Amino acid sequence: MSNPLDTKIISRLAEILDKTNLTELEYEDESCRISLVRNPAGVAVAGAYAPVAPAPVAAPAVAAPVAAAPVAQDAAEAADVDYTNSPNAVKSPMVGVVYLSADPKSPNYVKPGDTVAEGDTVCLVEAMKTFNPVKAHKSGKVVKILVETGDPVEYGEPLVVIE
């Protein structure tokens with residue numbers, strides 16, 4: 001049995017792989033599994049396709065998040081502080097593209113100085129055309145936003161700092 005290969009999905013995954021410092025990215029749905037791997041020199045991206053038997057499948061997870069320097073509004077400040085292991089950082093729940101507002105005409109969900117309650121939406125992460133709200137993990141004051149709208153993000157990457 002042959003399944004049509006959706007080149008748009010592969011192109012989008014390759015784009016995410018290229019824009020981030022990830023070396024490997026996997027995607028799986030009910031009809032296929034795609035694994036993209038960057039070679040150690042970072043020169044080429046290889047794709048693999050394998051049909052998957054229809055069955056309930058858990059969402060793919062990145063085995064080990066790759067540490068990446070956060071993209072900050074003030075790059076000089078970002079160089080001084082690494083929020084990767086900070087309990088104050090709201091982290092991305094998945095690989096995708098971050099959006100700080102619901103649409104281009106709306107104000108950002110939060111800005112530095114805002115007070116948020118646990119569970120408030122602080123941004124969105126879009127993955128495979130699905131916009132996923134990212135919620136504050138605690139109440140407090142937003143002290144820093146580490147990303148900009150349209151930035152590619154990876155699993156576990158710090159997005160917003162709440163103190």
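The values are calculated or read from the model by the stated rules, or taken from the named source; none is laboratory data. Fair warning: this is a prediction, and the values are worked out from it, not measured in the lab. As a convention, Cβ positions derive from the backbone with ideal geometry for all residues, glycine included, and neighbour counts pool all protein chains shown. To get the accessible areas, we keep the full protein, side chains included, count just its heavy atoms, and leave off ligands, DNA and RNA. Shrake-Rupley method; radii C 1.70, N 1.55, O 1.52, S 1.80 Å.
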How much length would be gained if the chain were fully extended between residue 139 and residue 102, taking 0.36 nm per residue of separation minus their Cα-Cα distance, in nm to one decimal? 11.2 nm
Would you pull out the residues with amide H under 5 Å of residue 144's amide H, same chain only if 5 or more places away, H placed 1.01 Å from N? 161
In the stretch 100-163, what percent of the accessible surface is made up of carbon and sulfur (1.4 Å probe, ligands and nucleic acids excluded)? 52
Which FRET efficiency, nearest 0.05, do residue 115 and residue 24 yield, Cβ-Cβ r, R0 35 Å? 0.35
By how many nm would the segment from residue 126 to residue 12 lengthen if fully extended, with 0.36 nm per residue of separation less the alpha-carbon distance? 39.8 nm
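Report Rg/Rh for the stretch 90-155, rounded to two decimals, where Rg is the Cα radius of gyration and Rh the Kirkwood radius. Write out the running numbers ahead of the final one.
Details: Rg = 11.1 Å, Rh = 11.9 Å.
Computed over Cα atoms, the ratio is 0.93.
Within the stretch 86-161, what is the number of lysine pairs with alpha carbons under 13 Å apart, leaving out pairs fewer than eight places apart on the same chain? Mind showing how you got there, number by number?
On the way: 91/135; 91/138; 91/144; 111/141; 111/144.
Final tally of qualifying lysine pairs is 5.
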